[in-house]
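Structure first, commentary second.
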Amino acid sequence: MDKIIEIKNFSAYYGEKKVVNNITVDIYKNKITAIIGPSGCGKSTLLRSINRINDEVLGFRTEGNIYFEGKDIYRDIDDLTLYRKKVGMVFQKPTPFPMSIYNNVAFGPRIHGIKSKRKLDEIVEKSLKQAFLWDEVKDELSKSGTALSGGQQQRLCIARTLAVEPEILLLDEPTSALDPIATQKLEILLEKLSENYTILLVTHNIGQAIRISDYIMFMYRGDLIEFGETSEIVKKPKDPLTEQYLTGKIG
Amino acid sequence: MKKDRSISILLRILSYSISSLIFVFLVIVIFDGAKYFSTEFFTSYPTDGMKSGGIFPAILGSFYMILLSLIFSVPLGIITGVFLAEFSENKLSKIIDMSITSLSGIPSIVFGLFGLSLFSITFGFGTSLIAGALTLSLMTLPVISSATAEAIRALPIELKESAYALGLKRNEVIFKVILPAARKRIITASLIGFGRSIGETAPILLTGAVFYSTSLPKNIFSPVMTLPTHIYYLVAAYGESAKWMAKGTASFLMIFVLAIYLITFLVGGRRNG
């Protein structure tokens, strides 16, 4: 199995506070890996370190290495914007830009230099189809992205991310603001997307992790407690902490 | 419980009396002057020692003055606001923030004197449209820049991060995502600045306005008549015979300002984009 990301002895700090503690783990290509754990366990920070979005946070620093396709992303990356393009990210809160649905999706490709209207039309249609949103919005592409429902907005954000053709999708609790039906739609979508993309998903929802992920990382207070295939971990967790978390004794 | 009730009644009485006071004030000012409105009042020059004629040059002068001042204050205010919100870790930004805050506490006559010494005398603009407009824009600058900074800070952090995650550079994030997302509140702030500066008297009294001009301003270095200074001169220098014109002008100015605030309210009312 191909590794797309290798994390080696990686630690992260906000100022003096260490939030991710010496983690070593591999992320496999075209699989869904779920990062689970109680609030404040560092799971979001780890996710946000992977596309270096935390660089924008004051006082953030890292130790150790994260390799993407063999390159150390904190040391060997010259063009951060180009790297971020390859590692798409979707947030907890849907964040459509204040513009039309079409322009939301065409936004990234335009920034990265695609000008041809025909090409943009193609990308928009393809991305919206991939995000299972095309049928719902194809007749109103000029409508504002902020006017959609929460679930549609989140799928729009996924389409917007897919439009720049990333290789990895990072999702930070993408369904926590959605109702159960929208959540289910999104879960089906993620499973479908994992055929072509590597997905890394932070979630509070243990059920969701079990339903859709291939691998689970369980983090607790900055440490990686356990990593393995989802079916294995659910059946027979090796660490008592994992078992306690999965059965709801801690959380 | 009983205490809660009496406090709520007290607050209600207070707020009702304050709003009725404002209402009565507006009605008196507007209706007392509106009876002098006529086509001639809006389209002709004052004549006969302000006993007859109209306020056309003052309307036009005020309009030019505000427009010119907004040309300076809006872009500068927006840029300053972006700087304050986006580069807040910067030391310079903290100094600017402090200056902006104190700028908004300075009495308007001090702005007038400052404008007089800097723009009219040092720069040699004399009593002119440009000197008045620059002085006015100094006053509107804090309004626009702090509102812009507030608007940007109020945006969800994820919006910015989504833009970075798509591979945007910092300037692209600011100009293509943040400013468009905050544009409604920035427009509102600019309109409030507009509404506030049209009624300002002291800053332009010394720098841009004359009490009477026989011709319309030819260029930005011409002096102009404006609505608020017109009222001031009429009341201060002419007395009883020109009182009607002062009332009419005040009424028109009031209606104009109210209209601006109404537009501001309508624009700002739908606030999610």
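The values are calculated or read from the model by the stated rules, or taken from the named source; none is laboratory data. Note that the structure is predicted; figures quoted are calculated from it, not measured. So basically every Cβ, Gly included, is an ideal-geometry build from the backbone, and we count neighbours across all protein chains shown.
Yes or no, residue by residue, for (1) more than 17 Å from A:Leu200 (Cα to Cα); (2) in a loop (DSSP other than H, G, I, E, B):
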| position | (1), (2) |
| --- | --- |
| A:Val19 | yes, no |
| A:Thr33 | no, no |
| A:Gly40 | yes, yes |
| A:Arg48 | no, no |
| A:Leu58 | yes, yes |
| A:Tyr74 | yes, yes |
| A:Leu82 | yes, no |
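With B:Phe252, B:Phe256 as the choices, which residue is touching a helix residue (DSSP H, G or I) at 6+ places or on another chain (Cβ under 9 Å), touching a residue at least 60 places away in the same chain (Cβ under 8 Å) and among the aromatic types (Phe, Trp, Tyr)?
Values: B:Phe256 fails: touching a residue at least 60 places away in the same chain (Cβ under 8 Å).
Just one listed residue meets the conditions, B:Phe252.
Quick check on my filter: what residues within the stretch A:127-153 are under 24 Å from the mean Cα position of the chain (by Cα), over 21 Å from B:Leu159 (Cβ atoms) and in contact (Cβ under 8 Å) with a residue 12 or more places away in the chain?
Listed by number, the residues that qualify are A:Gln130, A:Phe132, A:Glu136.
Has the stretch B:118-133 got at least one residue that is within 14 Å of chain A (Cβ to nearest Cβ) and in a loop (DSSP other than H, G, I, E, B)? Give the derivation first.
Quick first cut of the stretch B:118-133, residues within 14 Å of chain A (Cβ to nearest Cβ) only: none.
No, every residue in the stretch B:118-133 fails to be within 14 Å of chain A (Cβ to nearest Cβ) and in a loop (DSSP other than H, G, I, E, B).
Residues being assigned to a helix (DSSP H, G or I) and out of contact with any Asp or Glu (no Cβ under 9 Å at 6 or more places or on another chain): count how many of those fall in the stretch B:208-240. Before the answer, list the steps.
So the first thing to find is which residues in the stretch B:208-240 are assigned to a helix (DSSP H, G or I), and the list is B:227-240.
Remaining after also requiring out of contact with any Asp or Glu (no Cβ under 9 Å at 6 or more places or on another chain): B:227, B:229-240.
Of the residues in the stretch B:208-240, 13 are assigned to a helix (DSSP H, G or I) and out of contact with any Asp or Glu (no Cβ under 9 Å at 6 or more places or on another chain).
Which condition breaks for B:Ala250 when tested against (1) within 14 Å of another protein chain (Cβ to nearest Cβ); (2) at pLDDT 90 or above?
(1)
Scan the stretch B:104-122 and tell me whether some residue there is of a type outside the set (Asp, Glu), touching a residue at least 12 places away in the same chain (Cβ under 8 Å) and at positive phi.
So far as the stretch B:104-122 goes, no, none of its residues is of a type outside the set (Asp, Glu), touching a residue at least 12 places away in the same chain (Cβ under 8 Å) and at positive phi.
Of the residues in the stretch A:223-233, how many are in a helix (DSSP H, G or I) and crowded, with 16+ Cβ neighbours inside 10 Å?
Taking the stretch A:223-233 first, the residues in a helix (DSSP H, G or I) are A:230-233.
Still in the running and crowded, with 16+ Cβ neighbours inside 10 Å: A:230, A:233.
The number of residues fulfilling the criteria is 2.
Condition (residue is of a type outside the set (D, E, K, R) and in contact (Cβ under 8 Å) with a residue 60 or more places away in the chain) applied to the stretch B:10-21: is it met by at least one residue?
Filtering the stretch B:10-21 down to residues of a type outside the set (D, E, K, R) leaves B:10-11, B:13-21.
Checking the rest, the ones that are also in contact (Cβ under 8 Å) with a residue 60 or more places away in the chain come to none.
Within the stretch B:10-21 (the criterion being of a type outside the set (D, E, K, R) and in contact (Cβ under 8 Å) with a residue 60 or more places away in the chain), the answer is no, since none of the residues qualifies.
Return the total of residues in the stretch B:6-44 being part of a loop (DSSP other than H, G, I, E, B) and either crowded, with 17+ Cβ neighbours inside 10 Å or touching a helix residue (DSSP H, G or I) at 6+ places or on another chain (Cβ under 6 Å) (or both).
Step one: filter the stretch B:6-44 for residues part of a loop (DSSP other than H, G, I, E, B), giving B:35-38, B:44.
Next, from what is left, pick out any that are either crowded, with 17+ Cβ neighbours inside 10 Å or touching a helix residue (DSSP H, G or I) at 6+ places or on another chain (Cβ under 6 Å) (or both): B:36, B:44.
Of the residues in the stretch B:6-44, 2 are part of a loop (DSSP other than H, G, I, E, B) and either crowded, with 17+ Cβ neighbours inside 10 Å or touching a helix residue (DSSP H, G or I) at 6+ places or on another chain (Cβ under 6 Å) (or both).
I'd like to check which helices (runs of 4 or more DSSP H) are fully inside the stretch A:99-194 and have at least 3 residues that are in contact with a strand residue (DSSP E or B) (Cβ under 6 Å, 6 or more places away or on another chain). Don't jump to the end; show me each part of the working.
On the way: elements: A:101-111, A:117-130, A:134-137, A:150-162, A:180-193.
Hits in the stretch A:99-194: A:150-162.
Rundown of residues vs (1) more than 27 Å from A:Gly108 (Cα to Cα); (2) modelled with pLDDT of 90 or more; (3) crowded, with 21+ Cβ neighbours inside 10 Å, yes/no style:
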site	(1), (2), (3)
B:Leu103	yes, no, no
B:Ser108	yes, no, no
B:Gly115	yes, yes, yes
B:Phe119	yes, yes, yes
B:Leu155	no, yes, no
B:Ser162	no, yes, yes
B:Ala165	no, yes, yes
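Which pairs have Cβ atoms under 7 Å, sit 6 or more apart or on different chains, and link a residue in the stretch B:27-39 that is closer than 8 Å to B:Gly248 by Cα to one that is of a type in the set (D, E, K, R) and surrounded by 11 or more Cβ atoms within 10 Å (Cβ to Cβ)?
Within 7 Å, the pairs are B:Asp32/B:Lys247; B:Gly33/B:Lys247; B:Tyr36/B:Lys247.
Step by step: first the residues of the stretch A:166-202, then only those that are of a type in the set (D, E, K, R) and over 14 Å from the mean Cα position of the chain (by Cα), then the one that is surrounded by the most Cβ atoms within 10 Å (Cβ to Cβ). Which residue is that?
If we filter the stretch A:166-202 for residues that are of a type in the set (D, E, K, R), which is where we start, we get A:167, A:172-173, A:179, A:185, A:187, A:191-192, A:195.
Now drop any that are not over 14 Å from the mean Cα position of the chain (by Cα), which leaves A:179, A:185, A:192, A:195.
Details: A:Asp179: 11, A:Lys185: 18, A:Lys192: 13, A:Glu195: 7.
Step by step, filter the stretch A:166-202, then rank; the result is A:Lys185.
Please work out if A:Gly207 is more than 14 Å from chain B (Cβ to nearest Cβ), among the small types (Gly, Ala, Ser) and surrounded by fewer than 19 Cβ atoms within 10 Å (Cβ to Cβ). Full working, then the answer.
Values: more than 14 Å from chain B (Cβ to nearest Cβ): yes; among the small types (Gly, Ala, Ser): yes; surrounded by fewer than 19 Cβ atoms within 10 Å (Cβ to Cβ): yes.
Against the criterion (more than 14 Å from chain B (Cβ to nearest Cβ), among the small types (Gly, Ala, Ser) and surrounded by fewer than 19 Cβ atoms within 10 Å (Cβ to Cβ)), A:Gly207 qualifies.
Which of the numbered conditions does A:Trp134 fail, given that it passes all the others? Conditions: (1) modelled with pLDDT under 90; (2) away from chain B (no Cβ under 11 Å).
For A:Trp134, the failing item is (1).
Select from the stretch A:66-120 the residues that are within 13 Å of chain B (Cβ to nearest Cβ), exposed (fewer than 15 other Cβ atoms within 10 Å of the Cβ) and small (Gly, Ala, Ser) and list them in ascending order.
Passing the criteria: only A:Gly113.
Pick from A:Gly150, A:Gly145: which is more than 30 Å from A:Tyr67 (Cα to Cα), within 14 Å of chain B (Cβ to nearest Cβ) and surrounded by fewer than 19 Cβ atoms within 10 Å (Cβ to Cβ)? It would help to see each step written out before you state the result.
Numbers: A:Gly145 fails: surrounded by fewer than 19 Cβ atoms within 10 Å (Cβ to Cβ).
Among A:Gly150, A:Gly145, only A:Gly150 is more than 30 Å from A:Tyr67 (Cα to Cα), within 14 Å of chain B (Cβ to nearest Cβ) and surrounded by fewer than 19 Cβ atoms within 10 Å (Cβ to Cβ).
Quick check on the stretch A:57-64. Is at least one of its residues within 19 Å of the chain's Cα centre (by Cα) and either more than 14 Å from chain B (Cβ to nearest Cβ) or at pLDDT below 90 (or both)? So that I can check it myself, show each step before the final result.
So the first thing to find is which residues in the stretch A:57-64 are within 19 Å of the chain's Cα centre (by Cα), and the list is A:57.
Imposing the further condition that a residue be either more than 14 Å from chain B (Cβ to nearest Cβ) or at pLDDT below 90 (or both) reduces the set to A:57.
Yes - at least one qualifying residue is present in the stretch A:57-64.
Quick test for you: out of B:Glu150, B:Glu172, pick the one residue that is within 12 Å of chain A (Cβ to nearest Cβ) and assigned to a helix (DSSP H, G or I). Show your work before the answer.
Values: B:Glu150 fails: within 12 Å of chain A (Cβ to nearest Cβ).
That would be B:Glu172, the only listed residue that is within 12 Å of chain A (Cβ to nearest Cβ) and assigned to a helix (DSSP H, G or I).
Kindly establish whether B:Ile78 is over 19 Å from the mean Cα position of the chain (by Cα), more than 14 Å from chain A (Cβ to nearest Cβ) and aliphatic (A, V, I, L, M). I'd like the intermediate steps shown before the answer.
On the way: over 19 Å from the mean Cα position of the chain (by Cα): no; more than 14 Å from chain A (Cβ to nearest Cβ): yes; aliphatic (A, V, I, L, M): yes.
Against the criterion (over 19 Å from the mean Cα position of the chain (by Cα), more than 14 Å from chain A (Cβ to nearest Cβ) and aliphatic (A, V, I, L, M)), B:Ile78 does not qualify.
Go through (1) away from chain A (no Cβ under 11 Å); (2) closer than 22 Å to A:Ala106 by Cβ for B:Arg183 and report which single condition fails.
The single condition B:Arg183 does not satisfy is (1).
May I ask you to list the residues in the stretch A:1-59 that are of a type in the set (S, T, N, Q), surrounded by 14 or more Cβ atoms within 10 Å (Cβ to Cβ) and either touching a Cys at 6+ places or on another chain (Cβ under 9 Å) or farther than 15 Å from A:Leu169 by Cα (or both)?
Taking the stretch A:1-59 first, the residues of a type in the set (S, T, N, Q) are A:9, A:11, A:21-22, A:24, A:30, A:33, A:39, A:44-45, A:49, A:51, A:54.
Checking the rest, the ones that are also surrounded by 14 or more Cβ atoms within 10 Å (Cβ to Cβ) come to A:11, A:21-22, A:30, A:33, A:44-45, A:49, A:51, A:54.
Selection gives A:Ser11, A:Asn21, A:Asn22, A:Thr45, A:Asn54.
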